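The block underneath contains the structure these notes are about, expressed in structure tokens.
Every read-out reported here was derived from the displayed coordinates using simple, explicitly stated rules and does not represent laboratory data. Given the structure is predicted, the values throughout are model-derived calculations rather than measurements. Cβ atoms come from the backbone with ideal geometry, glycine included; neighbour counts cover every protein chain shown.
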Amino acid sequence: MDTDGGMSPPTRQPSRLSLSQEATTVTPTLPASCNEGGGVAINKDVWFKYTAACSGTVTASTCGSATFDTRIAVYSGTICPSTTTVVSACSDNAAGCASSTSKATWTAIAGSVWYVRVGSPGSTSGTGSLSLSCAVTCTADVNGDLYVDGADLGIVLGAWGSCP
Ligand SMILES: [Ca+2]
Ligand SMILES: [Ca+2]
């Protein structure tokens with residue numbers, strides 16, 4: 001794998017990162033659940049480290065923004081993934097995305113760290129950009145733990161009164 005990619009994490013969301021396909025290594029392959037008909041290989045991959053900017057749904061997308069058949073895989077954690085690391089999300093050919101480009105979505109808590117791997121299921125390469133965005137899915141989740149419960153209510157009640 002290419003653990004460098006020459007990239008740095010985005011500082012604002014949504015962010016767009018440039019993507020060039022110069023890497024050549026191809027491991028680890030993806031689990032069978034990621035096979036949309038084009039196999040489980042992810043070739044010429046480039047890795048991005050991403051810190052979730054919100055608690056909610058994160059989207060990593062090359063949809064319509066790459067010139068070749070892309071594939072995206074997402075791994076959780078702060079260390080570089082290995083063959084045993086669980087793939088949290090993957091996408092080969094997302095619906096409505098031209099040139100067999102990709103869009104992966106997953107649920108994250110603000111501040112959690114992810115590795116986003118972009119490559120191709122085949123031998124094609126080209127240029128493109130990866131966009132990363134985070135959407136809050138639950139506005140009542142005040143403390144951002146992906147649950148709406150008494151803890152959120154306590155925060156609201158504690159702030160009761162004129163605002164600000
Ligand atoms: Ca694809
Ligand atoms: Ca909550």
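Quick notes on this structure:
- Order of 71, 117 - criterion: other Cβ atoms within 10 Å of each residue's Cβ, fewest first: 117, 71
- Label-point gap, in nm, between residue 98 and residue 113 - each point 7 angstrom along Cα→Cβ: 3.7 nm
- Principal axis dimensions, the range 15-138 - Cα atoms, whole angstrom, descending: 38, 30, 25
- Likely footprinting exposure, 106, 160, fewest C-beta neighbours within 10 Å first: 160, 106
- Summary of packing: across the peptides 27-34, 91-98, the per-residue average of other C-beta atoms within 10 Å ranks them, highest first, as 91-98, 27-34.
- The ranking of 72, 79 by Cβ neighbour count inside 10 Å, starting from the fewest, reads 79, 72.
- Simple point charges give the picture: +1 on the Cβ of Lys and Arg, -1 on the Cβ of Asp and Glu, and for the range 25-117 a dipole about the Cα centre of about 160 debye.
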